[in-house]
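The values are calculated or read from the model by the stated rules, or taken from the named source; none is laboratory data. Fair warning: this is a prediction, and the values are worked out from it, not measured in the lab. Using ideal geometry, Cβ is built from the backbone for each residue, glycine included, and neighbour counts are taken over all protein chains shown. Accessible surface is based on the protein model in full, side chains and every heavy atom, while ligands, DNA and RNA are left aside. Shrake-Rupley method; radii C 1.70, N 1.55, O 1.52, S 1.80 Å.
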Amino acid sequence: PTQPILFIVREFTNGGAASMAVRLISRLTHHYEIDLLIAGPSDARMLGRLPGSVRVFHLQMGYPEEAAYSLGEKDPLGAMELFLRRQGVAPLEKSYRAVLATSVFPNWRAALAVSLVQSPRKLVFLVDEALAFFHRMSPRERAAIESCLLAADLVLPVSAKLQEKMASACPALTGKPWEVFYPPIEEPPADLTPAAIELPRDL
């Protein structure tokens, strides 16, 4: 493929979500170029587990006051989009074969990046119950999450029960196409073919 695949995560520290991302990346890196966009904190040990060919990018953590008002208080989503694009991070300025968003909620930077990146194929993984508190989130977080889910082609919960529970808490999930995805456990052999990766449909 001429275009790489982009993974987007809310953080990359020691934990189940980051470990799942490492395993997925390790499987796909044999067949695709991989970029990783991290919206929050990262851990050197977790970064050290990535294949050496993976390109890693970081979003700024701050949100300057001028960004909040640059497009007016009535357009918070537009102000957030402008803030992210002004960072000049490469993944926001190129096209990808597919975007895989793993554990991006409730981080608004990660969620909004999913909708901003140019790609014809966007998969969003649900690996925890972060959306259970959707109604308590700030308008900024809710707007970013809704934008992310609107852009998603497919939602991949780790169980049907999790999908049902999160859809009851977050209306933006209702009616979205979804398939249960069982996270990989072991590292694959180097000669593993794409068909054996068990990601839903073709990337």
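Per-structure values
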| read-out | value |
| --- | --- |
| Near pairs, Cβ below 9 angstrom, 6+ apart or cross-chain, from region 1-30 (closer than 18 Å to F57 by Cα) to any residue that is among the acidic types (D, E) and open to solvent by less than 10 Å² (accessible area, probe 1.4 Å) | P4/D35; I5/D35; L6/D35; F7/D35 |
| Region 136-146 - residue that is surrounded by 13 or more Cβ atoms within 10 Å (Cβ to Cβ) and in contact (Cβ under 8 Å) with a residue 40 or more places away in the chain and, of those, nearest to T102 (Cα to Cα) | I145 |
| Filter result (open to solvent by 10 Å² or more (accessible area, probe 1.4 Å) and in contact (Cβ under 8 Å) with a residue 40 or more places away in the chain) within region 107-135 | N107, R109, S119, R121, V127, D128 |
| Subset of region 50-69 [within 27 Å of E141 (Cα to Cα), part of a loop (DSSP other than H, G, I, E, B) and either modelled with pLDDT under 60 or in contact with a Ser or Thr (Cβ under 9 Å, 6 or more places away or on another chain) (or both)] | P64 |
| The listed residue being without any contact (Cβ under 8 Å) to a residue 60 or more places away in the chain and under 21 Å from A130 (Cβ atoms), out of P51, P41 | P41 |
| Neighbours by Cβ (under 8 Å, 6+ apart or cross-chain): first from region 79-102, open to solvent by 20 Å² or more (accessible area, probe 1.4 Å); second modelled with pLDDT under 80 | L82/A67; L82/S70; L82/L71; R86/A67; Q87/Q60; R97/P1; R97/L203 |
| Residue list for region 148-161, filter: of a type outside the set (V, I, T) and either open to solvent by less than 20 Å² (accessible area, probe 1.4 Å) or within 10 Å of the chain's Cα centre (by Cα) (or both) | C148, L149, A152, L154, L156, P157 |
| Scan of region 16-46 for residues that are of a type outside the set (S, T, N, Q), open to solvent by 30 Å² or more (accessible area, probe 1.4 Å) and either out of contact with any Pro (no Cβ under 7 Å at 6 or more places or on another chain) or on the phi > 0 side of the Ramachandran plot (or both), ordered by number | G16, A17, H30, P41, D43, A44, R45 |
